[in-house]
Amino acid sequence: MSDAKQSAKDCVSGTIGGFLQVFVGQPFDTVKVRLQTMPTPLPGQAPLYNGTLDCVKKTLSKEGLKGFYKGTTTPLIGVGACVSIQFVTLEAMKRYYNDLNGPSANGFLTNSQLYLAGAASGITNSVISGPVEHIRTRLQVQTGAPPAITSGAAESVATIAAKSVETGAVATTAAAQNSVKVAAETSAANASKNTLFFTGPVDAVQKIYAQHGLRGIYKGQAVTMVREFQGYGAYFAAYEYLVQRAMRLENKKRNELSTLNFVSYGACAGYAMWATVYPIDVIKSKLQTDGFSSSTRQYSSAIDCARQTLAKEGVAGFFKGVAPCILRAAPANAVTFLGFEMAMRLLR
């Protein structure tokens, strides 16, 4: 079979696995991101969410079931593309190393080769996953309607009105009302420049690109690439190692392994990935939901984000939202690999 035909089959199979991953994993991911990015409460102030179950309850009560699938369109298209890219790159790298090893290796790769093949798939995938996850993350943490006026703007209105009265600028009740109205409109307009509200993924892309260009779309890309390199290196190395081990022990070809093999190995791969990159993922989420301009930005870089997180929240701050992530890892990745392997069997 030609490399082009094989790559096309890898792409289709990967896309199917990606679709399944989104449908199963999106609710868990929404809860994870909201816990990761919730603001640090002030002394004496209650946190936005008191853990995973509280986040689930509040999301369900305020937004219903659809709240858990916010931003799903983006990952459904994007993750389908991402996973297909991952598998196309992975399989191409496996074929490269297989040719390099020669027939004496019987098609089996070393652990380092499996890791590098996975890491390469992660870097390739990051070109799409970076902006996809940026848009999805912003939509996931957006829990309310667009504010007509922010609390800061309201305070400005009150201050302007008070100063007007003190200086005698307000001569009549009508004049006072007009002053407040104008101040409110001005403050709300100024506030809207720093607060973007999105009605959906397309609207988010359009607004971010219009105001901040391609750099805005790719916000947090550097730390995303670090996460993808290590994460997918561990992810595919774990899965492929277990598959090769089963093939040796059971003396079977890959397409003869059972469904249980693929499901259990996919779950293990998910754990292998998140066990090695979760703190990096927290930093990525914080950077991607941070402000765009210097006046609204809380973090100047990934290192600054890590420093602030450690100073304000301690080591625990790097593991916010880890519970839904762990709960998601097994089912989401089990169906990803199951979908890929079954699709590959059908396409052979």
Which whole-angstrom value gives the distance between the alpha carbon centres of region 94-137 and region 289-348?
-> 20
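Order LEU53, LEU35, most accessible first, counting only protein heavy atoms with a 1.4 angstrom probe.
Order by accessible area, largest first: LEU53, LEU35.
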Where a ≥ b ≥ c are the square roots of the eigenvalues of the C-alpha gyration tensor, would you call region 1-109 rounded, which needs a/c under 1.5, or, failing that, prolate if a/b is larger than b/c, or oblate?
-> prolate
Could you name the lysines in cross-link range of LYS62, using Cα to Cα under 25 Å and dropping any fewer than eight places away on the same chain?
-> LYS32, LYS70, LYS286, LYS320
Keeping every protein chain in place, order PHE229, PHE262 by accessible area at 1.4 Å, biggest value first, i.e. largest first.
-> PHE229, PHE262
Once LEU214 and GLN308 are pulled to full extension, the length gained, defined as 0.36 nm per residue separation minus their Cα-Cα distance, is 31.2 nm
If you stretched the chain out fully between SER300 and ILE77, how much longer would it get, using 0.36 nm times the residue separation minus the C-alpha to C-alpha distance?
-> 77.2 nm
3J(HN,Hα) from dihedral phi, region 13-20, Karplus parametrisation 6.51/-1.76/1.60, rounded to Hz, x for glycine, proline = 5, x, 5, 4, x, x, 4, 5
Probe 1.4 Å, protein heavy atoms only - accessible area per residue of region 251-348 in square angstrom | 45
In debye to the nearest 20, the charge dipole size for region 224-270, taken about the Cα centre with +1 at each Lys and Arg Cβ and -1 at each Asp and Glu Cβ, equals 120
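The values are calculated or read from the model by the stated rules, or taken from the named source; none is laboratory data. Computed from a prediction, not measured in an experiment: that's the story for all the values here. When we count neighbours, we look across all protein chains shown, and the Cβ atoms used for this are built from the backbone with ideal geometry, even at glycine. What goes into the accessible areas is simple: the full protein's heavy atoms, side chains included, and nothing from ligands, DNA or RNA. Shrake-Rupley method; radii C 1.70, N 1.55, O 1.52, S 1.80 Å.
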